[in-house]
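Structure, as structure tokens:
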Amino acid sequence: MYKKLYIQAILCIFITIQAWAQPRFSIATHPEVLRSLRKEQQFWAFGHNTQAQFHLTPKDGIYVSFGYYSAGKFENQLEAKAKDIIYAPQQIAFTNQAGLNTKHFAAGWKKFLKGNAEAEESWNLYSIAGFGLLFGKISNVHSSSVDTTKYVVPVLEGAAKLTRLTYDIGLGVDVPTKGDIYFYSEAKLCVPAWGYPSNYLLVNDKAPFMATFGAGIRILF
């Protein structure tokens, strides 16, 4: 009987310790401004980002984020070149009007360089580093109709989907307010690591290369 009570007491203590030892977590949300940085593919877009953050310690944790953005629009002055000398003209100038919609899922490590996730005074500085998947849809409209059986065009007309593995790098400032609510602002780079080239995307090398900036609230649970 005493042995059972002893085991039950030990189990209760163990469960209590485990409950207190569970990491705290936060939900964060903010609107974002997105800037595509790659030359010949520069545009502005707006979006929204939501994050789940698991604070393994007050200074270190794991984040998972998802962002979606409006269509970024840009245009390029291009030339289609004839495939054979028998075709005239040998070059056709045209304008390509493009639109790129993106969604970005990322996960990685969040580290507080100053302060911590549970700080109640002053301000905090943190960094993030992780990997992500960029999902995009590109659409192109040519100003002139070009016969692709006779001419080589830099980008095809129409729409297509693309996927890129990315590196997620950023810095943020986190300021406590009342209770467990924090105001923060965050700047981040989305750097393409690799992806299959697309005939619908004019620049494929390390593209789309994007930067985002946003500010919102984080709620600590």
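The values are calculated or read from the model by the stated rules, or taken from the named source; none is laboratory data. Fair warning: this is a prediction, and the values are worked out from it, not measured in the lab. Glycine also receives a Cβ, built like all others from the backbone with ideal geometry; neighbour counts cover every protein chain displayed. Side chains are part of the model used for accessible areas, which takes the heavy atoms of the whole protein and leaves out ligands, DNA and RNA. Shrake-Rupley method; radii C 1.70, N 1.55, O 1.52, S 1.80 Å.
Here the chain has 65 percent of its accessible surface on carbon and sulfur atoms, given a 1.4 Å probe and all protein chains in place. The label-point distance for Lys103 and Glu120, in a model that sets each label 7 Å from Cα toward Cβ, rounds to 4.1 nm. At q = 0.33 Å⁻¹ the log10 of I(q)/I(0) for region 78-124 amounts to -1.15, computed by Debye summation with a single uniform scatterer per C-alpha, solvent ignored. Applying 0.36 nm per residue to the separation of Gln90 and Ser143 and subtracting their alpha-carbon distance, the gain on full extension is 17.3 nm. Just checking the listed ones, Ala88, Ala160, Ala187: in the Gaussian network model of the chain with Cα springs under 10 Å, the one fluctuating most is Ala88. A 1.4 Å probe over all protein chains sorts Ile62, Ile86 by accessible area into Ile86, Ile62, starting with the largest.
Taking every Cα-Cα distance in the chain and sorting them into 5 Å bins from zero, the calculated P(r) comes out as 1, 7, 12, 15, 12, 10, 9, 8, 6, 5, 4, 3, 2, 2, 1, 1, 1, 0, 0, 0, 0 percent.
In the context of the full set of protein chains, the chain has a per residue accessible area of 58 Å² (1.4 Å probe). Using a Förster distance of 35 angstrom, determine the FRET efficiency expected from the C-beta separation of Leu56 and Ala159, and round it to 0.05. So, using R0 = 35 Å, E works out to roughly 0.25.
Counting only Cα atoms, the size of region 85-208 along its three principal axes is 75, 24, 18 Å, in decreasing order. Please compute, over every Cα-Cα pair in region 170-221, the percentage with a separation greater than 12 angstrom. The share of Cα pairs beyond 12 Å in region 170-221 comes to 70 percent.
Helical content of the chain, expressed as a calculated mean residue ellipticity at 222 nm, amounts to -3000 deg cm²/dmol (DSSP H runs of 4 or more residues, -39,500 (n - 2.57) each, divided by residue number, nearest 500).
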